[in-house]
Amino acid sequence: MQNKTLITLSIAMLATGFAGISPAQTPAPAQAPAAQAPAAAPAPLFATRKVDGTDNVYIFRYQNHQAMFIVTPAGVIATDPISYGRPQAAKAYVEEIQKITKAPIKYLVYSHHHYDHIAGGKPFKDAGAIVVAHRRAKERLAALKGLDVVIPDQVVDGKRTITLGGTTLELIFTGRNHSDSSLVMFLPKEKIIFAVDFNSLGAVPSRLAVNDSYPLEWEASLKKILTLNWERQIPGHPGPGGRLGTKKDMEEQLAFLTDLSAEVKKASDAGKCFDPATKDVRLPKYGTLQGYEQNIEWNIHRWCGYWGRGI
Ligand SMILES: [Zn+2]
C-alpha cells in the first residue's frame, strides 16, 4: 500500500457528507453492533501523501478528486487544482505543498479541460506558476470563460517535456479519449503516470457515458499509453483503498471497451440500438468489475451512439 509512507495527513474531519473512497489511513470502523444504523465513517476532507518508492512524487486528494505534484529542489510541478465549487481545495493544496517545500510552484499542468479537475487555479497562478494544458483545453476554457478558471499560459499539441530540478515530466497527448484535451503526464525515471478519467481501476468506466467522450479513439489512446514504460498510474479519482493503477488495470479496461464495442456493433447492425440493446447486451465475463450493474447500460448507450452515427 503506497501510503505507508504517508508524510502528511491533513486533518479536517468531516462527520458527514464524504462518500469518496476511504484512504487506508482512515481507521477501520470499530466493531459496532450490527443492528446500529451504519454511520458514515469520518474521513479526512483532504490528505497528502508521498508515493512509495519515490522521494519527489506526491498525491493531493480532496474529497473524491486527486492530483499529482512533484517536488524538486528547483521548484514544484503541480497538476489539476481540483477546486470546482470549492476554492478552499486549491488553497489547501497550495498550503500542503508549502508544508513540504519552500521551493516555488513553477508549473500547474491541467490533465484535461473538465472543471471538476481544473477549476480553481488562481492560488497557483498567484504563487507564480505557469499554467500548461493541451491546446484544445485552452480553446475550450477560453470560450467558456469560467469565473474560477485560469486560462493556460502555454499549450501542448503532441508532446512536451518539462525538466525541472533533476526531474523529467513528459506531457503526452495520446489522442482523444475521455475528452479531446487529455494529457498523460509521464515520469519516465519513476515509471509513474498521472492519467485522469480514462482508466478505471478494476471497474466498469463510468466516464465513457459523457457526451464528449470518443469511444473508438479511447481504445487507440489506451494502446498508446500501454507502450510507455510505466508501472504505476495515479488516477484523478482515488482507486479502491487508495491504490494506484497498473498496466493490468489498463489492459482490462481496454479489453472491456473492445469487447463491449464489438457486441454493441452487432446489436446496432441488427437494429437493436438503443433499445433493446441496453437491456440485452451483457458481458458476464466482466460481471465482477466494480460498477458493472450501475454503468453497463450507460456504456452500451454510448457505444450505440457511436455505432449509429460515427461519433
Ligand atoms: Zn473529465
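Since every read-out is calculated from the coordinates, none of them should be taken as a lab result. As the structure is a computational prediction, the values presented were derived from the model and not from experiment. Heads up, the Cβs are rebuilt from the backbone with ideal geometry, glycines too, and the neighbour counts pull from every protein chain shown.
Structure summary
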{"read-out": "Neighbour cut-off at most 16 other Cβ (10 Å), DSSP loop, trypsin sites (Lys or Arg not before Pro), the stretch 143-197", "value": "Lys145, Lys189, Lys191"}
{"read-out": "Neighbour cut-off at most 15 other Cβ (10 Å), DSSP loop, trypsin sites (Lys or Arg not before Pro), the stretch 48-103", "value": "Lys102"}
{"read-out": "Greater than 19 Å apart at Cα, pairs in Lys122/Lys189; Lys99/Lys138; Lys99/Lys191; Lys106/Lys191; Lys248/Lys285", "value": "Lys122/Lys189; Lys99/Lys138; Lys99/Lys191; Lys106/Lys191"}
{"read-out": "Estimated dipole of the stretch 91-188 in Debye, rounded to 20 [Cβ of Lys and Arg +1, of Asp and Glu -1, Cα centre]", "value": "140 debye"}
{"read-out": "Per-residue Cβ neighbour rank within 10 angstrom, fewest leading, Leu164, Leu171", "value": "Leu164, Leu171"}
{"read-out": "Global form of the chain, assessed from the alpha-carbon gyration tensor, a/c cut-off 1.5", "value": "oblate"}
{"read-out": "Residues with amide H under 5 Å from that of Leu164, placed H, sequence gap 5 or more", "value": "Leu169"}
{"read-out": "222 nm mean residue ellipticity, helices alone, for the chain (DSSP H n ≥ 4; -39,500 (n - 2.57); rounded to 500)", "value": "-9000 deg cm²/dmol"}
{"read-out": "Placed amide H near Ala43: partners under 5 Å, 5+ positions off or other chain", "value": "Leu14"}
{"read-out": "Distance between modelled label sites at Asp275 and Asn211, nm, 7 Å Cα→Cβ extension", "value": "2.2 nm"}
{"read-out": "Angle between the chain longest axis and helix 292-309 axis [Cα atoms, degrees, rounded to 10]", "value": "70 degrees"}
{"read-out": "Integer Hz, Karplus 6.51/-1.76/1.60 couplings in order for the stretch 93-105, x for Gly and Pro", "value": "4, 5, 5, 5, 4, 6, 6, 8, 8, 8, 5, x, 7"}
{"read-out": "DSSP bridge pairs, the chain: antiparallel proportion in percent, nearest 5", "value": "65 percent"}
{"read-out": "Interchain or long-range residues, amide H under 5 Å from Ser181's placed H", "value": "His113"}
{"read-out": "Under Karplus coefficients 6.51, -1.76 and 1.60, residue-wise ³J(HN,Hα) of the stretch 68-78 in Hz, glycine/proline x", "value": "8, 9, 10, 9, 10, x, 8, x, 10, 9, 9"}
{"read-out": "Distance from the stretch 119-159 to the stretch 48-90 (C-alpha centre basis), Å", "value": "17 Å"}
{"read-out": "Calculated from backbone phi, Karplus (6.51, -1.76, 1.60) coupling profile of the stretch 145-160 in Hz, x at Gly/Pro", "value": "6, x, 5, 9, 10, 8, 6, x, 7, 10, 10, 10, 9, x, 7, 9"}
